[in-house]
Amino acid sequence: MVLSNSQWWASSGGDAGYVPEGAVWINGTDEYFSDTPPSPSSVRIGSLSFWTKPAVDSSSGSDEQVIMQQDWTASGNEAIQVTLQYDYLIFRLETNAGAYLINRATSALYRDPSAWYHFHITWNTNLTGDACVTITVNGQQVTAFSASTNPSSAADSGFPNTGKTLTIGKHSVTTAFEYYNGYLCEFIFQDGITSSPSDFGEENSDGVWIPKDTDGISFGNAGFHLDFADSSDLGKDVSGNGLDFAANNMGTDNFTNDRPADSGEDIGNYATMNPLDYTGGNYQFSDGNLKVYQSTASNSLQARSTLAVPPGAKIVAWSTMTTGANAYVGIC
């Protein structure tokens, strides 16, 4: 079954606020962004802000869902890594020898494939205590970690690492696995700058954390802003630094109206198929959970999508059955 990006859509409720101009989904198989950053303003201070909707449950697999990574060398020592592994958010900066400068693994799980999350991370390796890094999710600071390492003394990190490939959506060296499967929106790195989550998001009248216009923020020399607004140039940097990323194995079909906002004009948080909510087995979810394939025909197998419908609201939903017998679509 195929769900069109313009077909299953859910209003987030409340006032719309700022509506991001673009978003993308990447398939977890071979799609990713890549670039080589210039000389940085700082290798000790930085901030990262991005919105994502994960499309897969990573708790049962050993492979990391790498959101962003750059290595020191081809040996795989991570200058920086941001990843979802076992549904925990992990943030790391390493030395060239592979020792952790900063390592954080959240105790909380981020696995809801129907929800957009805003992650904001800021770090300073001049500091040696817990204040060396701050992580917030949807405007709330994370304070519980299953792993926590701080620098033993002020030190340079390896990021940004001039001359080494920076990737968004996969491991920067390994090619066979560790691709990210999910949606991305408003991906921003600030080089040498400590920012606040309130620079990127705010609560609407319903208390929901939503994006805000980032015009006027600073980026530093190696900073970038991928707004994914140009479907023909998905990796375009709109920060003014011109650090355009290659969109590898991607095309205009990766552009989506599924975004952490509600414009009332087919732009909002879409109800995609839910890989956590099905009965039976033999299901394969793909294309940002817009497609589901059932390899064994059986009435006992069911895959579902959920859509919140406010009282008095009217919705229209379409689906396309591509192949198969004994297959049904229902709304209840």
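For every residue, the table says whether it meets (1) open to solvent by less than 70 Å² (accessible area, probe 1.4 Å); (2) modelled with pLDDT of 75 or more; (3) among the hydrophobic types (A, V, I, L, M, F, W, C).
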residue: N254; (1), (2), (3): yes, yes, no
residue: D262; (1), (2), (3): yes, yes, no
residue: D266; (1), (2), (3): no, yes, no
residue: N282; (1), (2), (3): no, no, no
residue: S300; (1), (2), (3): no, no, no
residue: A313; (1), (2), (3): yes, no, yes
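In a strand (DSSP E or B), among the hydrophobic types (A, V, I, L, M, F, W, C) and free of Cβ contacts under 8 Å to residues at least 60 places away in the same chain: does that describe L89?
yes
When E186 is evaluated against the numbered criteria (1) of a type in the set (D, E, K, R); (2) open to solvent by less than 20 Å² (accessible area, probe 1.4 Å); (3) free of Cβ contacts under 8 Å to residues at least 12 places away in the same chain, which criterion, by number, is the only one it fails?
Unmet condition: (3).
Criterion first (of a type in the set (G, A, S) and open to solvent by 60 Å² or more (accessible area, probe 1.4 Å)) does A108 satisfy it?
No, not satisfied.
Any residue that is part of a loop (DSSP other than H, G, I, E, B), over 22 Å from S218 (Cβ atoms), open to solvent by less than 10 Å² (accessible area, probe 1.4 Å) and not β-branched (V, I, T) - is there at least one of those in the range 65-82?
So far as the range 65-82 goes, no, none of its residues is part of a loop (DSSP other than H, G, I, E, B), over 22 Å from S218 (Cβ atoms), open to solvent by less than 10 Å² (accessible area, probe 1.4 Å) and not β-branched (V, I, T).
Taking only pairs six or more apart or across chains, which ones have beta-carbon atoms under 9 Å, a first residue in the range 199-217 that is within 14 Å of P260 (Cβ to Cβ), and a second residue that is open to solvent by 80 Å² or more (accessible area, probe 1.4 Å) and at pLDDT 95 or above?
Cβ pairs passing all conditions: W209/Q140.
Just to be sure I understand, how many residues within the range 162-183 are open to solvent by less than 30 Å² (accessible area, probe 1.4 Å), polar (S, T, N, Q) and either in contact with a Phe, Trp or Tyr (Cβ under 6 Å, 6 or more places away or on another chain) or modelled with pLDDT of 90 or more (or both)?
2
If you take the residues in the range 28-66 that are farther than 29 Å from T162 by Cβ and of a type in the set (D, E, K, R), which one is modelled with the highest pLDDT?
K53
Could you list, ordered by first residue, the pairs with Cβ atoms under 6 Å in which the first is in the range 98-111 and touching a residue at least 60 places away in the same chain (Cβ under 8 Å) and the second is among the acidic types (D, E) and part of a loop (DSSP other than H, G, I, E, B), at least 6 apart or interchain?
Here the result reads R111/D57; R111/D87, each pair linking the range 98-111 to a residue that is among the acidic types (D, E) and part of a loop (DSSP other than H, G, I, E, B).
Restricting the search to the range 227-252, which residues are open to solvent by 30 Å² or more (accessible area, probe 1.4 Å) and of a type in the set (A, V, I, L, M, F, W, C)?
Selection gives A229, V238, A246, A247, M250.
Name, by its number, the condition in (1) in contact with a strand residue (DSSP E or B) (Cβ under 6 Å, 6 or more places away or on another chain); (2) surrounded by fewer than 23 Cβ atoms within 10 Å (Cβ to Cβ) that does not hold for A131.
(1)
If you go through the range 20-40, how many residues are closer than 21 Å to K212 by Cα and surrounded by fewer than 18 Cβ atoms within 10 Å (Cβ to Cβ)?
1
List, please: which pairs have Cβ atoms under 6 Å, are six or more places apart or on different chains, and start with a residue in the range 145-171 that is in a strand (DSSP E or B) and end with one that is surrounded by fewer than 22 Cβ atoms within 10 Å (Cβ to Cβ) and among the aromatic types (F, W, Y)?
Close Cβ pairs satisfying both conditions: T149/Y100.
The values are calculated or read from the model by the stated rules, or taken from the named source; none is laboratory data. Please read these numbers as outputs of a predicted model, since none were measured by experiment. Positions of Cβ are backbone-derived with ideal geometry, glycine not excepted, and every protein chain shown enters the neighbour counts. Quick note on the areas: whole protein, heavy atoms, side chains included, nothing else; ligands and nucleic acids left out. Shrake-Rupley method; radii C 1.70, N 1.55, O 1.52, S 1.80 Å.
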